[in-house]
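Below is one structure; the comments refer to it alone.
Quick note: the coordinates plus some simple rules give every number you see, no bench work behind them. Just so it is clear, the structure is predicted and the values come from calculations on it, not from any experiment. Here Cβ is always computed from backbone atoms with ideal geometry, including for glycine, and neighbour counts include all displayed protein chains.
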Amino acid sequence: MARAATGVANGVYNNSTNPANPLYTRIRLATPKDVPHIHKLIHQLATCQNDTHLFTATESSLSSTLFSSPPFHSVTVLLLEASPQPFKKLLHPTPLTPLDHAIHLEEHIHDPEAATFRTNYMEEADGAVVAGFVLFTPGYSSFQAKPGFHVEDLLVRQCYRRKGLGRMLLSAVAEQAVKMGCARVEWSVLDWNVNAIRFYEEMGAKILSEWRICRLSDDALEAYGGNAAPAASPKQLKSNPLHINSSAMDSTATNSSGGYPLHTRIRLATPKDVPHIHKLIHQLATSQNYTHRFSATESSLASTLFSFPPFLSVTVFLLEVSSLPFKKLLHSTPFTPIEGTIHLEEHIHDPEAGIFKDIEDTGGVVAGFVLFSAGYSAFQAKPRFHVETLLVRKCYRRKGLGRMLLSAVAEQAVKMGCARVEWTVLDWNVNAIRFYEEMGAKTSSEWRTFSLSGDALDAYGDGACGSKPK
């Protein structure tokens with residue numbers, strides 16, 4: 001879940017039957033030509049949040065990171081334009097059909113920044129301006145084997161607020177999510193922003209008040225460069241199982257000079273691993289009493305997990321263990337496997353060893369996995385990773401393997417120049433929070449996460465961006 005859609009999002013819907021002051025709006029996909037406007041909008045957002053010290057994005061860095069991959073399967077920006085006149089029809093098709101709407105206002109809007117934000121798209125008529133934007137990235141529901149969206153940032157410029165335009169932007173994302181068969185749309189809001197919280201609840205979103213955002217960034221993230229499994233501290237030896245995001249639990253770290261070596265390997269999952277991934281996700285659902293939400297099949301996982309190159313959209317790392325050193329993989333992958341050895345005081349009895357035998361037949365068994373999606377930091381114009389799901393099988397917990405998986409994600413983030421790695425944790429899980437903080441992560445208590453899913457999301461399947469709140 002992302003830091004996004006904050007108090008600057010929007011207010012209430014304002015419409016009247018006064019035909020004297022029509023405001024025509026259009027929501028469309030941003031293009032590289034829009035980067036100067038996007039850069040200014042992001043700076044306004046940073047200013048609104050008193051985060052200008054975090055703002056390092058440049059037009060050049062935005063251009064090189066926002067448009068390198070297909071929209072909706074990587075970072076995507078929708079622009080909101082406003083005009084006193086109807087918009088011209090687009091002359092060429094785009095992956096998103098522009099959403100046009102008209103509202104009638106009680107009085108004319110004075111836009112002191114009209115010249116700065118004049119749209120440069122298709123030479124629109126005088127008066128057409130960029131009024132806001134929404135930036136979102138792909139997510140994934142492992143229990144349902146369906147994609148999702150994380151709304152990272154949303155802004156409506158000040159003079160256009162309280163006109164329903166923020167709702168239009170968020171609804172446009174929800175409508176696209178329905179078209180793509182997504183399981184949910186998620187975003188976060190600052191807890192003091194009661195107006196925004198009320199607004200989102202009126203849209204049908206549910207606040208996940210028990211979840212807290214964890215973030216590994218800056219020097220704490222850089223510390224994992226080239227070191228995917230830092231040694232555990234003594235404090236970590238007694239921590240309880242971890243819970244990452246809405247569907248992840250794992251173990252803590254222990255190591256000794258015992259006489260039972262356990263060889264470990266973290267590698268990219270392949271379509272051949274789907275049977276194991278399916279079983280692991282089912283174990284996770286069972287452990288969290290969420291089997292009623294589990295609808296993923298091997299077929300649905302195979303069709304949704306490997307459609308795009310790893311690290312672009314959704315990525316799965318598998319953790320394998322063996323009593324003997326692993327055989328070398330016969331084929332190269334975009335990710336060099338990370339191998340290690342820990343020494344245990346006693347042998348591990350794995351009652352499911354036959355079920356989880358390594359598909360590659362390298363002598364090991366699958367002991368766990370981590371699933372993460374690609375996000376984006378608009379303030380820094382850098383990618384980020386969001387850990388969706390993490391699991392270590394029960395008999396392998398409390399061996400430091402969960403730390404290895406999370407550290408592998410952090411190391412890859414450093415290699416790719418990511419701004420941060422994020423995940424969520426239940427607020428009552430103080431042992432997990434302590435463990436993450438010992439890894440260098442910071443837990444944020446002021447953000448509240450929202451989720452739009454199920455019937456509430458499906459309601460946006462047909463032109464919802466023009467509707468009024470309840």
Set of aspartates and glutamates near Lys89 by C-alpha distance (under 17 Å), chain-local residues within fewer than 8 positions excluded: Glu81, Asp100, Glu123, Glu124, Asp126
Formal net charge of residues neighbouring Gly225 (Cβ-Cβ distance under 9 Å; K, R +1; D, E -1): -1
Links that overshoot a 28 Å alpha carbon limit, given the list Lys33/Lys146; Lys357/Lys382; Lys179/Lys206; Lys272/Lys394; Lys327/Lys382; Lys272/Lys327: Lys33/Lys146; Lys357/Lys382; Lys327/Lys382
Cut-off 13 Å between beta-carbons: net charge of the residues surrounding Met416, Lys and Arg +1, Asp and Glu -1: +2
Amide hydrogen neighbours beyond the local backbone of Lys399, cut-off 5 Å, H modeled: Thr252, Thr254
Per-selection Kirkwood Rh - the range 69-198 (Cα, Å, 1 d.p.): 16.3
Placed amide H near Arg184: partners under 5 Å, 5+ positions off or other chain: Phe149
Exposure proxy ranking, count of Cβ atoms within 10 Å, fewest first, for Val178, Val316: Val178, Val316
Under 19 Å from the Cα of Lys279 - aspartates and glutamates, other chains or at least 8 residues apart: Asp250, Glu298, Glu320, Asp350, Glu352, Asp358, Glu360, Asp361, Glu388
Order of Phe326, Phe149, Phe136 - criterion: other Cβ atoms within 10 Å of each residue's Cβ, fewest first: Phe326, Phe149, Phe136
